[in-house]
Amino acid sequence: MDDKILVGTPPAHHIRSKSEITSVSSDDSEPEYFDNNSVELRGYLSKWTNYIYGWQPRYIVLKNGTLSYYKSESESDFGCRGAISLSKATIKSHESDELRFDIVVNNYNNWCLRAETSEDRMHWVEVLQMYKEETGSTDTTSLRRHGSTMSLQSNTVSVASGSSLKKTSRNLKEKVGEIETFKDILFGQIETLQRYFDACVDINKDTGKPLDLGDGLNPIDFKGESITFRATTAGVLTTLQHCLDIIAENDDLWRKKLDREVEKRRRADEQNRKYKEEIEKIKRISYPGPDLEEGPHSTLPEDEFFDAVETGLDKIEEDMQLRVKLKLQSQQSQTLVNVPHQAQSEGEEGVEEFGTGALAKCHTLWPEIDRVCKEQLHYAREGVGQGGNGWQIFADEGEIKMYKREEEVNGMVMDPLKAYHSVKGVTAREMCHYFFMPEFRNDWETTLEDCTILEKISPDTLVFLQTHKRIWPASQRDALFWSHMRKIQDGLDEGATDTWIVCNNSTNYSKQESKNGKCVRIFLTVILACQTYLPPSKTKTDELKRDELTCKITYCSVVNPGGWAPATALRAVYKREYPKFLKRFTGYVIDQCKEKPIMF
């Protein structure tokens with residue numbers, strides 16, 4: 001599925017043209033507002049698909065606030081394979097990969113994308129960020145431009161709560177208190193008027209004439225009216241008090257309902273959090289991304305781990321074959337000067353001391369180098385039936401025979417390997433020369449990313465820091481080791497003309513740190529022992545042809561890959577890669593030597 005996320009770097013030719021922006025004229029009356037339909041961004045990017053297929057080219061289109069992707073531009077009329085709304089998306093530039101950026105929505109939908117160049121990535125990120133910012137401001141502005149009435153209503157209307165009901169009840173009680181005050185004032189005024197009218201009545205009784213109010217009106221019983229007014233206002237106050245009681249009851253009722261709703265909301269949020277954690281866990285298990293690191297608690301099954309590593313190795317080998325093919329074509333197109341093999345390749349090897357260790361004997365590492373070389377030569381000369389039980393043959397391909405012993409240290413596979421091979425047309429010196437010299441290493445070691453000579457102890461003894469390409473999902477690895485090339489003067493096998501060895505062994509002599517802080521350190525001990533055989537009637541001083549040369553090779557290694565990886569996956573990789581490595585290396589040496597003079 002394309003929606004699975006993953007790592008790896010796609011071949012450069014997979015990524016096509018640069019992204020292009022197409023602008024459509026917007027409304028001139030409102031140039032300050034961003035029109036969702038005014039910008040369209042489209043182009044090819046690499047998208048992480050899944051752990052088998054890695055990065056794949058996809059045609060990406062930004063239109064109407066939606067980022068969509070298609071398998072190719074020609075398929076854009078048949079419906080997209082996936083889409084993300086940018087309104088709630090987060091655009092993140094990757095910290096260590098200058099070509100990669102991620103688009104994340106709610107931490108669930110994650111698109112890992114890679115551009116062809118860092119400028120192209122910056123171009124995409126800037127436009128997408130600009131689009132988000134402009135559309136965000138448009139939403140706010142459009143709300144403001146719809147008029148103040150909508151804004152005021154939306155700001156003032158709210159769901160009734162306990163606090164608002166309390167405030168309403170308090171205001172009503174204050175108004176009731178005001179009415180009580182007005183009532184007292186009115187009662188006082190009524191008393192004053194009553195006394196006045198009583199006095200008028202008394203005066204009228206003294207004169208014996210009825211009180212004339214004009215217009216034929218008769219005097220009223222103001223006292224009776226005042227009593228009626230008192231009763232009316234008392235009734236109003238009683239009714240208001242009843243209203244207050246009802247509001248208080250409703251206040252309690254709504255408060256209880258609110259408490260129940262708050263509790264339901266709390267339980268729903270808690271359940272939602274648990275569901276999110278489960279979904280995240282499932283996504284980590286089902287959709288491992290390019291940033292997944294190896295570890296003993298990795299959720300990636302062992303078979304999927306091996307499949308992913310196997311796919312990564314295949315891609316590296318394809319790239320290597322393409323590089324070799326292009327190099328050969330380049331060499332064929334040039335006029336080459338035929339430089340003698342001895343002078344062209346040896347450089348400083350021409351000194352007599354080369355291969356004896358004479359120039360390295362004063363160095364601090366020499367005792368260790370000499371001891372390990374002698375131990376490993378003795379180990380290489382032992383047969384698989386001598387000195388070590390448990391050897392099992394796991395590859396038998398004509399001249400190549402490979403044996404291993406299953407061995408683990410602290411849970412990490414360190415299966416010792418012993419391989420035998422016989423090739424025609426090269427000498428032991430030539431075989432060890434191309435294995436030792438750093439300038440040839442990139443040509444035959446496919447997983448090598450960088451090789452640095454930390455110290456040149458002597459022409460035949462070097463200290464290397466070697467970094468390997470990361471093969472997802474395994475972590476990137478590096479190795480710090482010394483390498484020594486030596487000619488063996490004694491103990492030649494019967495019929496052998498000469499013997500040369502190259503011994504590599506990890507060291508802590510240099511405190512050099514990895515160039516990549518996340519690299520896992522490999523610890524290794526390797527020996528390549530080669531012997532030259534000539535026809536019985538021939539010697540090195542005779543004129544020889546390449547087809548008269550035979551080189552017998554013994555290759556031994558013990559490698560601790562460090563970190564963590566499934567044991568079954570490691571053994572499957574070893575079984576697959578070691579025979580391929582030996583055939584690839586010996587084939588490379590034969591091709592390099594066939595047109596050159598013989599070197600002993």
The alpha-carbon pair-distance distribution computed for the range 446-600, with 10 angstrom bins and whole-percent values, is 9, 31, 33, 19, 8, 1
Between Leu454 and Met412, what's the calculated FRET efficiency when r is the beta-carbon distance and R0 is 22 Å? Round to 0.05. 0.30
If Lys and Arg each add +1 and Asp and Glu each add -1, what is the summed charge of the other residues whose beta carbon sits under 11 Å from the beta carbon of Arg114? -1
Using alpha carbons only, how many angstrom separate the centre of the range 396-432 from the centre of the range 550-579? 8
Note the per residue figure in Å³ for the convex hull of the C-alpha positions in the range 383-499. 183
Please report the net charge: other residues with Cβ closer than 9 Å to the Cβ of Tyr420, K and R +1, D and E -1. +2
Give me the three principal axis extents of the range 64-116 from the C-alpha atoms, as integers in angstrom, largest value leading. 35, 26, 18
Lys and Arg at +1, Asp and Glu at -1: neighbours of Glu382 with Cβ under 14 Å from its Cβ sum to +2
Could you work out how much longer the chain between Glu263 and His378 gets when fully extended? Use 0.36 nm per residue separation minus the Cα distance between them, nm to one decimal. 33.7 nm
To the nearest 0.05, the calculated FRET efficiency linking Asn106 and Leu253 through their beta-carbon distance, R0 being 51 Å, is 0.85
Flagged links, alpha-carbon separation over 21 Å, of Lys401/Lys596; Lys540/Lys596; Lys47/Lys71; Lys374/Lys401: Lys401/Lys596; Lys374/Lys401
Distances longer than 20 Å among the Cα atoms of the range 477-569: what percent of all pairs is that? 55
In the range 429-541, what % of DSSP beta bridges are antiparallel (nearest 5)? 90
Full-stretch length increase - Thr233, Asp493 - with 0.36 nm per residue and alpha-carbon distance subtracted: 80.6 nm
Report the full-extension gain for the segment Thr541 to Thr181: residue separation times 0.36 nm, less the Cα-Cα distance, to one decimal in nm. 116.2 nm
Cα gyration tensor of the range 413-452 - equivalent ellipsoid semi-axes, whole Å, descending: 20, 19, 9
Beyond 18 Å, what share of the Cα-Cα pairs of the range 365-440 is found? Please give it as a whole percent. 61
Among the listed pairs Lys92/Lys469; Lys487/Lys575; Lys469/Lys580; Lys404/Lys583; Lys92/Lys575, give every one whose C-alpha distance is greater than 29 Å. Lys487/Lys575; Lys92/Lys575
Could you work out how far the C-alpha centroid of the range 61-109 sits from that of the range 357-381, in angstrom? 57
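Coordinate-derived values only; no laboratory data. None of these values were measured; they are calculated from a predicted model. Every residue, glycine as well, gets a Cβ built from its backbone with ideal geometry; the counts of neighbours run over all protein chains shown.
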